[in-house]
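Since the structure comes first, as structure tokens, the remarks are kept for the end.
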Amino acid sequence: QVETLKEKLLEQAQEISRLRSELGGTDAEKHRDLLAAENERLRQEMKALEGELQRQQQAPCRDCPHLQENAELQEQLSQLQREAEETRARLVELDLEVQQKTNRLAEVELRLKDSLAERAEEEERLSRRLRDSQETIASLKSQPQQIKYIIKTVEVESAKVKQALCETQSRNQYLQEQVGMQKQVLKEMEQQLQSSQKTEAQLRAQIMMYEAELERAHGQMLEEMQAMEDEKNHAIEEAFSRAQVEMKAVHENLAGVRTNLLTLQPALRTLTHDYNSLKRQVRDFPLLLQETLRSARAEISQAIEEVHSTNRELLRKYRRELQLRKKCHNELVRLKGNIRVFGRVRPITKEDGEGPEAANAVTFDADDDAVLHLLHKGKQVSFELDKVFPPQASQEEVFQEVQALVTSCIDGYNVCIFAYGQTGAGKTYTMEGTAANPGINQRALQLLFSEVRGKAADWDYTITVSAAEIYNEALRDLLGKEPQEKLEIKLCPDGSGQLYVPGLTEFRVQSVEDINKVFEFGHIKRVTECTNLNEHSSRSHALLIVTVRGLDRSTGLRTTGKLNLVDLAGSERVGRSGAEGSRLREAQHINKSLSALGDVIYALRSRQGHVPFRNSKLTYLLQDSLSGDSKTLMMVQVSPAEKNTSETLCSLKFAERVRSVELGPVSRKAELGSWPSQEHLEGDSPCSSAPAGRGHASPSPGQLSSRSASIRRKLHTSG
């Protein structure tokens, strides 16, 4: 069996070598060489075609109308090149596939060799064990006769030899066991030999399968290569035929192009001449451009300067016309008796907080100082007043605009200046100010003293001051001994229709020191409290009444002027101010009186027959100032903070309504009388002035007529 196995292994090795010789790389290499030769031939043909095309392109056919056909031929040639490249790529893929199959066959051969080597080693080992077993069996077959012989001889031998007989028998038994074991081993070797035969059959089947797969792959490769060869030949033939036809057409076109070139030479010479002239112009163009730019810059600069000068002149004329318009408007307002309205915007303070709520929502017009703009809920609202003061405006600038009204008080006119606005908007600061920077009240009295001193040569003046407040709809005297005493407003008994307050304390002031004492005394008694909106919120309406009585010593003309300076309490929203208890009651009275003021303004504006002055102590007290017998100015105070835009909007709308009210022309309070003494002048009652003093003779008719004429001239001048 071992010999048979060896013979079979030798036959398998021979078969494998035969298969390898038959299926070696010879055919594939030959086919690959053929494809390489064919590719080289195609490459040479392509180079020849490219050379022919280059020669055609180098021909003088730059302006040939058949360049498009030439381009089409080049595209077809490039397409043929791409097809050849694709053929080469497919050949490379086939080479790779052949190489892969060859590698797989080599792996199968290596596995077969390893299997044969293992089988040879196993057969060698089995043969060695078989030989050992055969030798052992042969030795065992030769021994039993001696044992039998010994056994037979022992029967006649002595007992001394019995021990050796036993040992021999035990050894014989051991050898029999060894023989059985060898038979078992031989049986196992036969089984292994059978399994080896089965493995050999499986390997043969795999080899046959690989051979069939190789034959099939080889056939497919040959078929694909043949198909590719046919396609390539067909494509080359078609390309060659197309190239011949196109080359023929190209040659014909070239002949036509040569003819056209001969006719185009004169035109070319003309174009060359034009080109040279254009080249010279282009070379000289930078210099011409620089000169043109310099002249253009000079002209533009001159035009800009002229426009600037024109704009400056127009701006100067516009401002002059604006001043004239404002002057005419003020005169018209004076003649109509309109209430003049000034607006003042306070600066942003730390009490406004930080963040978006403290942003500035008020802007001003750079060309018109009577217009301001409010940004409310994303929309800009514009308001036109008589004058607008920005936050940086000083107390002095504000007073310069109102001092003309103050001085008209000396001439016998009634004047009223009142501050309106929400709480914390700066009304008290504008009217009273501080000790270092006084407001309208103190500056007005200082101006009155200055004017009185200037007219002291011809006039005798007496200035008295009263201070009152309206707190919770109760009128109280701030300069009296009993500030809690409630006062009443009544008509003068002289039938003039004017109002006065019986029992209201009057102080005669003669110097600035007297003014400071009066202000300090009245400021202490005024009611102020702290709220969420203002640390020192005024809880009452303050009224400073300045009465100026004058006597012209030369004519006996008496004048009585009254200056009412009103600091209104601020309107407030109870929810924002946090007012509770007595503060809440104060806020309700303040809002009610300001609402009554709005009703009065509405009635005056709409020219209603009945004006509800008596609805509030405030409006009743201001009846003389709002009924057409007074020059009235409202100073509306607004806050620029974003969080106060609603209140600012309401204040500015109210200011516009007040500005449209016409009170009629203002009359002067002047009357002729005798030449009373200074004591009589000082002792006049607040409601009327005595027509004549006692103990003085009446003037003659001539003197009276001349004095009347001079009085009329003075009245006309003062008016």
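The values are calculated or read from the model by the stated rules, or taken from the named source; none is laboratory data. All of these numbers come straight from a predicted model, not from anything done at the bench. Using ideal geometry, Cβ is built from the backbone for each residue, glycine included, and neighbour counts are taken over all protein chains shown. Note: areas computed on protein heavy atoms with side chains; ligands, DNA, RNA excluded. Shrake-Rupley method; radii C 1.70, N 1.55, O 1.52, S 1.80 Å.
Using θ = phi - 60° and the Karplus form 6.51 cos²θ - 1.76 cosθ + 1.60, what ³J(HN,Hα) does each residue of the stretch 634-644 get, whole Hz, x for Gly and Pro?
Here the 3J(HN,Hα) series is 10, 9, 8, 9, 10, 9, x, 5, 4, 6, 9 Hz.
Distance from the Cα centre of the stretch 510-525 to that of the stretch 547-562, in angstrom?
So the separation of the two Cα centres works out to 25 Å.
If r is the Cβ-Cβ distance from His218 to Leu175 and R0 is 51 Å, what FRET efficiency results, to the nearest 0.05? Could you put the intermediate results ahead of the total?
On the way: r = 63 Å, r/R0 = 1.23.
About 0.20, to the nearest 0.05.
Of the listed peptides 176-186, 352-362, what is their order by residue-averaged count of other C-beta atoms within 10 Å, with the highest listed first? All intermediate terms of the calculation are to be shown ahead of the outcome.
Values: 176-186: 13.1, 352-362: 14.8.
Result, highest mean Cβ count within 10 Å first: 352-362, 176-186.
In the stretch 237-336, what percent of the accessible surface is made up of carbon and sulfur (1.4 Å probe, ligands and nucleic acids excluded)?
Values: 5210 of 8370 Å².
That share works out to 62 percent.
With only Lys, Arg, Asp and Glu charged, each at its Cβ (+1 for the first two, -1 for the last two), find how big the charge dipole of the stretch 189-287 is about the Cα centre; round to the nearest 20 debye. All intermediate terms of the calculation are to be shown ahead of the outcome.
Details: 11 positive and 16 negative charges, 262 e Å.
Magnitude of the dipole: close to 1260 debye.
Averaged per residue, what accessible area in Å² does the stretch 237-336 show with a 1.4 Å probe, protein chains only?
On the way: 8370 Å² over 100 residues.
Per residue, the stretch 237-336 has an accessible area of 84 Å².
Stretched out fully, how many nm does the piece from Ala71 to Leu186 gain, at 0.36 nm a residue minus the Cα gap?
Values: separation 115, 0.36 × 115 = 41.40 nm, distance 8.74 nm.
Gain in length upon complete extension: 32.7 nm.
How many nm is it between the label spots at Glu118 and Ala255, if each spot is 7 Å from the Cα in line with the beta carbon?
8.3 nm
If you place +1 on the Cβ of every Lys and Arg and -1 on the Cβ of every Asp and Glu, how big does the dipole about the Cα centre of the stretch 436-511 come out, in debye to the nearest 20? Intermediate values should be presented prior to the final figure.
On the way: 8 positive and 11 negative charges, 49 e Å.
Dipole about the Cα centre, nearest 20: 240 debye.
Evaluate the distance, in nm, between pseudo-label points positioned 7 Å from the Cα of Ala436 and of Asp230 along their respective Cα→Cβ axes.
Taking the simple label geometry, Ala436 and Asp230 are separated by 11.5 nm.
Please compute the length gained on full extension between Ala201 and Gln14, using 0.36 nm multiplied by the number of residues separating them and subtracting their Cα-Cα distance. The partial results should precede the final answer.
Working: separation 187, 0.36 × 187 = 67.32 nm, distance 1.60 nm.
Gain in length upon complete extension: 65.7 nm.
Using a cut-off of under 11 Å, list every residue of the stretch 169-212 whose amide N is near the label point 7 Å from the Cα of Thr136 along the Cα-to-beta-carbon line.
175-186
Note the count of lysine pairs whose C-alpha atoms are less than 25 angstrom apart in the stretch 237-336, limited to pairs 8 or more residues apart or on different chains. Each step should come with its number before you reach the end.
Details: Lys317/Lys326; Lys317/Lys327; Lys326/Lys336; Lys327/Lys336.
Lysine pairs, 8 or more places apart or on different chains, close enough: 4.
Counting other Cβ atoms within 10 Å, which trypsin sites (Lys or Arg not before Pro) in the stretch 97-126 have at most 16 and lie in a DSSP loop? Could the numbers behind the result be given before it?
Values: sites: Lys101, Arg104, Arg111, Lys113, Arg119, Arg125; in loops: none.
Sites meeting the loop and neighbour criteria: none at all.
Mind checking which of His308, Val245, Leu271 is farthest towards the positive end of the stretch 237-336's charge dipole, using Cβ charges of +1 (Lys, Arg) and -1 (Asp, Glu) about the Cα centre?
Of the candidates, His308 comes out farthest on the positive side.
If we count every other residue with Cβ under 9 angstrom of Thr505's Cβ, Lys/Arg +1 and Asp/Glu -1, where does the sum land?
Numbers: positive: Lys481; negative: Asp477, Glu506.
Residues close to Thr505 contribute a combined charge of -1.
Hey, can you rank 543-550, 620-627 by average C-beta count inside 10 Å, highest first?
Working: 543-550: 22.6, 620-627: 20.6.
Going from most to least packed, we get 543-550, 620-627.
Ignoring ligands and nucleic acids, what accessible area does Tyr318 show with a 1.4 Å probe (Å², nearest 10)?
100 Å²
How long is the gain from Glu354 to Glu482 if the chain were fully straight, where each residue apart is worth 0.36 nm and the alpha carbon distance is subtracted?
Details: separation 128, 0.36 × 128 = 46.08 nm, distance 4.44 nm.
Extending this stretch completely gives an extra 41.6 nm.
By per-residue mean of other Cβ atoms within 10 Å, what is the highest-first order of 378-389, 224-235? It would help to have the intermediate numbers written out before the result.
On the way: 378-389: 16.2, 224-235: 13.4.
Top of the packing list down: 378-389, 224-235.
Suppose each label sits 7 Å from its Cα in the direction of the beta carbon; what would the Ala37-Thr272 distance come out to in nanometres?
Going by the 7 Å Cα→Cβ label model, 5.6 nm.
Quote the charge dipole size of the stretch 237-336 about the Cα centre in Debye, to the nearest 20; the model charges only the Cβ of Lys and Arg (+1) and of Asp and Glu (-1).
Details: 19 positive and 13 negative charges, 297 e Å.
Around 1420 debye, computed over the stretch 237-336.
As an exercise, use a Förster radius of 30 Å and the Cβ-Cβ distance of Ala303 and Val381 to find the FRET efficiency, rounded to the nearest 0.05. Show your work: numbers first, answer last.
Values: r = 39 Å, r/R0 = 1.32.
Taking R0 as 30 Å, the efficiency between Ala303 and Val381 is 0.15.
Give, as ranges by residue number, the residues of the stretch 203-219 whose backbone N falls under 20 Å from the point 7 Å along Cα→Cβ of Thr4.
Correct set: 203-205.
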